[in-house]
């Protein structure tokens, strides 16, 4: 369903389990960045009324996910660590050339967002199935469904606002590029890395 060309090696969960505190901090900041992305899309493309409405709902959902992760961190006696750069996202957003029409810029941003949500969904599924920590396993199962919905929503909007054939070609090319990125990741206790 997600269309990812290279699945995460299940051994990534073994890396995560060695430092749950780190994955939770990284996850919290992923949720914060997702919130910021939705706000940025509202600011950049206010003329798309239906889209803005969906982004407002997404802001509320993503910030609530941030709070849920932060609450788990607090419950375990930890504090939220520092944010760090997301190498996956930094590499991913180099794929499309800068510029172009407003519609092209919107479609590119939507495709990036769809792919980030798809990879998060795939990683959450893996965590839900493989983590020995049952509380976190159940938590990630619930969030996996949200990520799948976000992926579908962003891809759907890209197809709605762009030329369908062109969008689908760009999506497949982006998936191929992402698979190349993923070959060098999966060795850290981060959601995407």
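The values are calculated or read from the model by the stated rules, or taken from the named source; none is laboratory data. Every value quoted in this text rests on a predicted model; they were computed, and no experiment measured them. No Cβ is skipped: glycine too gets one built from the backbone with ideal geometry, and neighbour counts run over all protein chains shown.
Listed values, structure above:
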item	result
Total residues in the range 1-37, condition closer than 22 Å to residue 72 by Cβ and either more than 18 Å from the chain's Cα centre (by Cα) or part of a helix (DSSP H, G or I) (or both)	25
Unique match (being in contact (Cβ under 8 Å) with a residue 24 or more places away in the chain, buried (at least 18 other Cβ atoms within 10 Å of the Cβ) and within 12 Å of the chain's Cα centre (by Cα)) among 89, 69	89
Selection count where residues are in contact with a helix residue (DSSP H, G or I) (Cβ under 9 Å, 6 or more places away or on another chain), surrounded by fewer than 23 Cβ atoms within 10 Å (Cβ to Cβ) and farther than 24 Å from residue 55 by Cβ, scope the range 113-139	13
So residue 158, is it over 13 Å from the mean Cα position of the chain (by Cα), part of a helix (DSSP H, G or I) and surrounded by 21 or more Cβ atoms within 10 Å (Cβ to Cβ)	yes
Which numbered condition residue 181 misses (of (1) modelled with pLDDT under 95; (2) assigned to a helix (DSSP H, G or I); (3) out of contact with any helix residue (DSSP H, G or I) (no Cβ under 6 Å at 6 or more places or on another chain))	(3)
Only listed residue being part of a helix (DSSP H, G or I), modelled with pLDDT under 95 and surrounded by fewer than 13 Cβ atoms within 10 Å (Cβ to Cβ), chosen from 165, 142	142
Residue check, residue 148 at negative phi, part of a helix (DSSP H, G or I), in contact with a helix residue (DSSP H, G or I) (Cβ under 9 Å, 6 or more places away or on another chain) and crowded, with 20+ Cβ neighbours inside 10 Å	no
Some residue of the range 93-111 being without any contact (Cβ under 8 Å) to a residue 24 or more places away in the chain and either within 16 Å of the chain's Cα centre (by Cα) or under 21 Å from residue 185 (Cα atoms) (or both)	yes
Selection count, the range 40-87, where residues are under 25 Å from residue 161 (Cβ atoms), outside any loop (DSSP other than H, G, I, E, B) and out of contact with any helix residue (DSSP H, G or I) (no Cβ under 8 Å at 6 or more places or on another chain)	7
The one condition in (1) more than 26 Å from residue 13 (Cβ to Cβ); (2) modelled with pLDDT of 95 or more that residue 100 fails to fulfil	(2)
Conditions (1) touching a helix residue (DSSP H, G or I) at 6+ places or on another chain (Cβ under 9 Å); (2) assigned to a helix (DSSP H, G or I): number failed by residue 90	(1)
So residue 51, is it under 23 Å from residue 80 (Cα atoms) and either surrounded by 14 or more Cβ atoms within 10 Å (Cβ to Cβ) or at pLDDT 95 or above (or both)	no
